[in-house]
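Everything on this sheet refers to the single structure shown next.
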Amino acid sequence: MSEIEKLLPGYNCGSCGFRQCRDFAAELSETKNAEDLHKCPFLARDNFKDNVDKILVLLGKDVPMAEMIVGIIDGLEADFTLAPLKDECSCREDIHPFDGSIEIEVGDILRYRPLGCPVTHFAKVIDKVPGIYTVHMVGPLHRLGNDDFKFKDVGLCMILAFDGKVAKGKIPKVGQTVRFVPEYCMMQKVHSGMVVGVEGKNVRIEAIDLKVW
């Protein structure tokens, strides 16, 4: 019982129907009923997932296998897939064109190739600061449904950051180096970077690298 108690949140909130986590642990130890774990709302949080798996082992239950996320082009395993933020068409990307002579404004459509990626991208600028442009992906060309549209060819760009929502996989912690797959990536390639912000399932990842070590 004491081992289970150590793995419970320890908040003694009473949501499970017991006055203390110790009493809940005693009940679990006696009944071996894994379904009762749902009575604790905190155990549903990602930061307690490992604890839940350990409790299941102590109860003599099978631990469900986590779904693996694997990049198609490289076969590498990722920590999560990254989806657009709410009501947005793609993840946000911060890009830095190497050619600084081109005038770029919010609303412009850019054609560029990310450093390290063989695929030409088309993106719409939604925000800018000097030298850095925040964009939404709008295609390769065929996704736009129009072969005759205006764009600015900015050439090679460095991808600096992603903002998006964790769709599949485990929500990371700030400061963690992660592997992820943007859902709209044509190559479904595993990217890597450093998590600098987490709010719920929304994450910001910087120091983007298309190589995964």
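Descriptive notes on the structure:
- Lone qualifier among GLY17, GLY10 - being free of Cβ contacts under 8 Å to residues at least 24 places away in the same chain, farther than 29 Å from VAL174 by Cα, of a type outside the set (Asp, Glu) and in contact with a helix residue (DSSP H, G or I) (Cβ under 7 Å, 6 or more places away or on another chain): GLY17
- Among the residues of the stretch 25-40, some residue qualifies, meaning at least one is under 28 Å from VAL166 (Cβ atoms), of a type outside the set (Asp, Glu) and in contact with a Pro (Cβ under 9 Å, 6 or more places away or on another chain).
- Some residue of the stretch 140-159 being basic (Lys, Arg), surrounded by 14 or more Cβ atoms within 10 Å (Cβ to Cβ) and either free of Cβ contacts under 8 Å to residues at least 12 places away in the same chain or closer than 23 Å to ASP209 by Cβ (or both): no
- For GLU103, the test of being assigned by TED's automatic domain parsing to the domain that holds LYS189, free of Cβ contacts under 8 Å to residues at least 12 places away in the same chain and more than 17 Å from MET187 (Cα to Cα) is passed.
- Considering the stretch 188-211, and only residues there that are within 15 Å of VAL70 (Cβ to Cβ) and in contact with a Gly (Cβ under 8 Å, 6 or more places away or on another chain), the residue that is surrounded by the fewest Cβ atoms within 10 Å (Cβ to Cβ) turns out to be GLN188.
- Flag for SER15 being among the hydroxyl-bearing types (Ser, Thr, Tyr) and more than 27 Å from ARG204 (Cβ to Cβ): yes
- Looking across PRO97, PRO84, one residue alone is more than 23 Å from the chain's Cα centre (by Cα), surrounded by 11 or more Cβ atoms within 10 Å (Cβ to Cβ) and touching a residue at least 60 places away in the same chain (Cβ under 8 Å). It is PRO97.
The values are calculated or read from the model by the stated rules, or taken from the named source; none is laboratory data. Note that the structure is predicted; figures quoted are calculated from it, not measured. For neighbour counting, all protein chains shown are included, and Cβ atoms are generated from backbone atoms with ideal geometry for every residue, glycine included.
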